[in-house]
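The values are calculated or read from the model by the stated rules, or taken from the named source; none is laboratory data. Nothing here was measured: the structure is a model prediction, and the numbers come from that model. Quick reminder, even Gly has a Cβ in these numbers, built from the backbone with ideal geometry, and neighbours come from all protein chains shown.
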Ligand SMILES: Nc1ncnc2c1ncn2[C@@H]1O[C@H](COP(=O)(O)OP(=O)(O)O)[C@@H](O)[C@H]1O
Ligand SMILES: [Mg+2]
């Protein structure tokens with residue numbers, strides 16, 4: 001190949017424009033290289049459509065007429081002969097374009113109007129397929145295409161194929177970047193949505209936990225109301241009785257019928273009644289006092305030193321009515337001399353949850369012997385609290401599950417399934433302790449809680 005042509009080819013091949021992915025620049029470079037190398041006036045790049053029924057001009061530069069054309073179309077139906085030559089996928093070398101069998105169809109409509117004498121069409125190949133041609137045309141005079149020129153034009157066509165690959169790569173890359181960006185924003189949106197629903201779930205759970213606490217508090221309130229009712233009822237009866245006795249004394253006195261013996265008998269009666277009133281009102285006051293403490297403890301976090309057994313007795317007195325309603329006999333074995341420094345409400349909650357579950361879950365309807373035994377023992381530096389019932393027990397495969405939040409076998413009866421999970425959390429996170437459940441079907445349940453006597457988390461010297 002002629003040196004000058006080789007130089008041009010080398011320059012184009014080395015030019016970064018070809019691999020840049022900018023097809024417009026690459027087209028111009030290739031067309032101008034052909035115009036220079038072949039010494040022609042007119043070069044166009046044409047692409048064949050998918051159906052091979054037309055070719056479309058991408059860019060045509062005519063330096064003779066000083067024009068540039070984009071988007072011109074030639075159809076197979078108009079130039080069937082030319083298209084059948086294209087179908088062979090070979091270079092069309094038409095030095096005498098007007099008479100060449102491949103190009104003579106163009107004579108009147110194309111060659112003569114533009115004064116084109118010779119044509120050289122080199123196929124553009126891309127991924128092994130011919131996808132178009134580069135058409136070099138000589139204006140004004142016949143040009144005999146030399147072998148060098150034909151090879152040169154063919155090589156530039158191949159370089160156009162390379163430019164097209166770079167362009168496609170660029171498009172894919174951009175699509176990929178867009179997709180990546182979309183994906184990132186999608187992930188961000190999804191993460192956001194997940195975070196929102198997680199926090200909704202958390203707050204719903206918090207609400208449920210709160211409502212479970214309130215429900216157990218409600219049970220305590222009901223218990224206290226019931227307990228307080230009895231002494232106040234007795235006090236009211238006593239007061240009425242006392243009033244009657246005083247009235248009778250007044251009447252006897254005003255009628256001068258009051259004997260000394262009657263007087264001392266009535267006074268002694270009144271004294272006894274007053275004592276009864278006093279004792280019962282004191283009991284009511286105690287109960288209310290206890291409850292106030294329990295309720296405050298259960299909702300608050302104030303910690304202080306207290307006697308565990310005594311606190312258990314107080315809490316249990318509020319739970320007795322519930323146990324009674326369910327015909328459950330309460331037995332206690334509480335070691336008396338254990339002092340704790342902690343928020344006592346934790347223990348009120350623990351006992352309430354265990355007693356409630358015994359009442360609501362442990363016993364089949366027909367079972368009449370119902371026992372709930374609460375014991376408290378000291379073992380070295382630890383304390384063991386046991387709640388044992390003699391009910392239906394928990395099947396082996398459910399032993400772990402019953403501590404899961406929301407697991408309940410009594411949803412239709414209003415169970416939240418949170419009792420034991422709250423219990424578990426209280427024991428594990430507040431008391432640094434652990435829970436064991438011994439249970440066999442029909443052998444009852446025994447919940448064994450152990451925890452250290454001195455809770456470092458509630459160290460007396462650290463503030464609340
Ligand atoms: N003493 C018990 N005897 C038998 N089953 C029990 C006992 N305590 C708890 N369970 C079972 O554990 C489940 C979970 O209890 P809990 O977490 O307190 O939720 P809930 O009382 O709302 O059902 C209960 O639904 C019940 O099936
Ligand atoms: Mg429960």
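Details
- Single residue of 308, 323, 376 found to be assigned by TED's automatic domain parsing to the domain that holds residue 453 and within 16 Å of ligand 1 (Cβ to nearest atom): 323
- Number of the exception - residue 446 against (1) at pLDDT below 90; (2) within 11 Å of ligand 1 (Cβ to nearest atom): (1)
- Qualifying residue in segment 150-171 (condition: assigned to a helix (DSSP H, G or I), touching a residue at least 60 places away in the same chain (Cβ under 8 Å), in the same structural domain as residue 45 (by TED's automatic domain parsing) and farther than 25 Å from residue 56 by Cβ): yes
- Note on segment 351-389: residues that are in contact (Cβ under 8 Å) with a residue 24 or more places away in the chain and more than 12 Å from ligand 2 (Cβ to nearest atom) total 24.
- Filter result for residue 417 (within 13 Å of ligand 1 (Cβ to nearest atom), at positive phi and buried (at least 18 other Cβ atoms within 10 Å of the Cβ)): yes
- Check on residue 410, near ligand 1 (Cβ under 8 Å from one of its atoms), in the same structural domain as residue 328 (by TED's automatic domain parsing) and part of a loop (DSSP other than H, G, I, E, B): yes
- Among the residues listed as 142, 93, the single one being over 22 Å from residue 28 (Cβ atoms), modelled with pLDDT of 95 or more, assigned by TED's automatic domain parsing to the domain that holds residue 34 and outside any strand (DSSP E or B): 142
- Positions within segment 254-278 being part of a helix (DSSP H, G or I) and either at positive phi or in contact (Cβ under 8 Å) with a residue 24 or more places away in the chain (or both), in sequence order: 269, 270, 273, 274, 276, 277
- Residue that is nearest to ligand 1 (Cβ to nearest atom), among those in segment 379-401 that are touching a helix residue (DSSP H, G or I) at 6+ places or on another chain (Cβ under 6 Å) and within 17 Å of residue 351 (Cα to Cα): 389
- Some residue of segment 183-190 being more than 47 Å from the chain's Cα centre (by Cα) and without any contact (Cβ under 8 Å) to a residue 60 or more places away in the chain: no
- Test: residue 125 is under 20 Å from residue 82 (Cβ atoms), in the same structural domain as residue 112 (by TED's automatic domain parsing), surrounded by fewer than 16 Cβ atoms within 10 Å (Cβ to Cβ) and out of contact with any strand residue (DSSP E or B) (no Cβ under 6 Å at 6 or more places or on another chain): no
- Subset of segment 390-406 (residues that are more than 10 Å from ligand 2 (Cβ to nearest atom) and out of contact with any strand residue (DSSP E or B) (no Cβ under 7 Å at 6 or more places or on another chain)): 392, 395, 396, 397, 398, 400, 401, 403, 404, 405, 406
Quick grid of which residues meet (1) within 58 Å of the chain's Cα centre (by Cα); (2) over 27 Å from residue 140 (Cβ atoms); (3) part of a helix (DSSP H, G or I):
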site	(1), (2), (3)
9	no, no, yes
26	yes, yes, yes
44	no, no, no
52	yes, yes, no
55	yes, no, no
58	yes, no, no
64	no, no, no
74	no, no, no
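- Hey, residue 457 free of Cβ contacts under 8 Å to residues at least 60 places away in the same chain and within 11 Å of ligand 1 (Cβ to nearest atom) or not: no
- Some residue of segment 342-361 being more than 16 Å from ligand 1 (Cβ to nearest atom) and either modelled with pLDDT of 95 or more or in contact with a strand residue (DSSP E or B) (Cβ under 7 Å, 6 or more places away or on another chain) (or both): yes
- Of all residues making up segment 14-50, the number that are at pLDDT below 95 and loosely packed, with under 14 Cβ neighbours inside 10 Å: 4
- Residue check for residue 437: modelled with pLDDT of 90 or more and within 16 Å of ligand 2 (Cβ to nearest atom): yes
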